[in-house]
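Visitor: Please read through the structure below; I'll follow up with questions.
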Amino acid sequence: MGTCLNRKDLGLLALRSAVGGVLIAHGTQKLFGWFGGGGLEGATQAMEQMGFHPARQSALAAGLGEAGGGALLVAGLATPAAGAVVAGTMAGAVSVHAPAGFFAMSGGYEYPAFLGAAGLAIGLAGAGRYSLDHLTGHVFDRPWVGLVSFVASAAGAYGTVARRRHVMRLREERAAVEADEQEGSGLS
């Protein structure tokens, strides 16, 4: 009867393509201004406002994490590393949206959390039969690649989010001091 299509592998291909395609679109908005994005300059300004420092490197890392991680997911290449990159990149986005609560409708972290969780799940599950990982004999899909990638991504995300929190705390303190100074000078 020949080789028949495997539903699980088709499902992984569909999921990888959908999640990866969304990430590619978001990343290319940041990197190149495609799809109505602001390009690297706009992303740099946004990163500065959101408290990511250095802003330009943060914008570049976010764009590459989204576009590159998304492209690797679509291709099904180095899937554990791709999933780790996506999860780490989305952790930064979650930190920005968390103060608004969970739901995206109110500006919350629902959407980046979903993308990060999907990337994580694909990275853990593997790309399936319809992938470059499968075609290359899983050269870049080894257990150690997943372990190293997820540890590095978690450490990077932790450092980035911690640095952002510190910057935001300093901004709040500076704003409070300035407000106190205005009150004390009778300019209120």
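Visitor: Quickly run through segment 1-40 and pick out the residues that are assigned to a helix (DSSP H, G or I) and β-branched (Val, Ile, Thr). Reasoning before the result, please.
Guide: If we filter segment 1-40 for residues that are assigned to a helix (DSSP H, G or I), which is where we start, we get 7-32, 34-36, 39-40.
Result: 19, 22, 24, 28.
Visitor: Which numbered condition in (1) surrounded by 13 or more Cβ atoms within 10 Å (Cβ to Cβ); (2) in a helix (DSSP H, G or I); (3) free of Cβ contacts under 8 Å to residues at least 60 places away in the same chain is the only one that residue 151 fails?
Guide: Only one criterion in (1) surrounded by 13 or more Cβ atoms within 10 Å (Cβ to Cβ); (2) in a helix (DSSP H, G or I); (3) free of Cβ contacts under 8 Å to residues at least 60 places away in the same chain is unmet by residue 151, namely (1).
Visitor: Here are 84, 67, 91, 121: which of them is more than 30 Å from residue 172 (Cβ to Cβ), assigned to a helix (DSSP H, G or I), in contact (Cβ under 8 Å) with a residue 12 or more places away in the chain and open to solvent by 30 Å² or more (accessible area, probe 1.4 Å)? Break it down stepwise before answering.
Guide: Working: 84 fails: open to solvent by 30 Å² or more (accessible area, probe 1.4 Å); 67 fails: open to solvent by 30 Å² or more (accessible area, probe 1.4 Å); 91 fails: more than 30 Å from residue 172 (Cβ to Cβ).
Every option except 121 fails the conditions.
Visitor: In addition: From the set of residues in segment 124-148 that are among the small types (Gly, Ala, Ser) and under 13 Å from residue 73 (Cα atoms), which is surrounded by the most Cβ atoms within 10 Å (Cβ to Cβ)?
Guide: Taking segment 124-148 first, the residues among the small types (Gly, Ala, Ser) are 125-128, 131, 137, 146.
Narrowing further to those that are under 13 Å from residue 73 (Cα atoms): 125-128, 131.
On the way: 125: 15, 126: 19, 127: 29, 128: 20, 131: 22.
Filtering segment 124-148 for residues that are among the small types (Gly, Ala, Ser) and under 13 Å from residue 73 (Cα atoms), the one surrounded by the most Cβ atoms within 10 Å (Cβ to Cβ) comes out as 127.
Visitor: If you go through segment 165-172 one residue at a time, do you hit one that is in contact with a Ser or Thr (Cβ under 8 Å, 6 or more places away or on another chain), surrounded by fewer than 16 Cβ atoms within 10 Å (Cβ to Cβ) and either outside any helix (DSSP H, G or I) or in contact (Cβ under 8 Å) with a residue 12 or more places away in the chain (or both)? Walk me through it before giving the result.
Guide: In the first step, residues of segment 165-172 are kept if they are in contact with a Ser or Thr (Cβ under 8 Å, 6 or more places away or on another chain); the result is 165.
With the extra rule that they be surrounded by fewer than 16 Cβ atoms within 10 Å (Cβ to Cβ), the set shrinks to 165.
Cutting the leftovers down to either outside any helix (DSSP H, G or I) or in contact (Cβ under 8 Å) with a residue 12 or more places away in the chain (or both) gives us 165.
Among the residues of segment 165-172, at least one is in contact with a Ser or Thr (Cβ under 8 Å, 6 or more places away or on another chain), surrounded by fewer than 16 Cβ atoms within 10 Å (Cβ to Cβ) and either outside any helix (DSSP H, G or I) or in contact (Cβ under 8 Å) with a residue 12 or more places away in the chain (or both), which makes the answer yes.
The values are calculated or read from the model by the stated rules, or taken from the named source; none is laboratory data. Bear in mind the structure is a predicted one, so any value in this text is a computation, not a measurement. Reconstructed Cβ throughout: ideal geometry from the backbone, glycine too, with neighbour counts over all protein chains shown. Heads up: the accessible areas ignore ligands, DNA and RNA and are worked out on the full protein's heavy atoms, side chains in. Shrake-Rupley method; radii C 1.70, N 1.55, O 1.52, S 1.80 Å.
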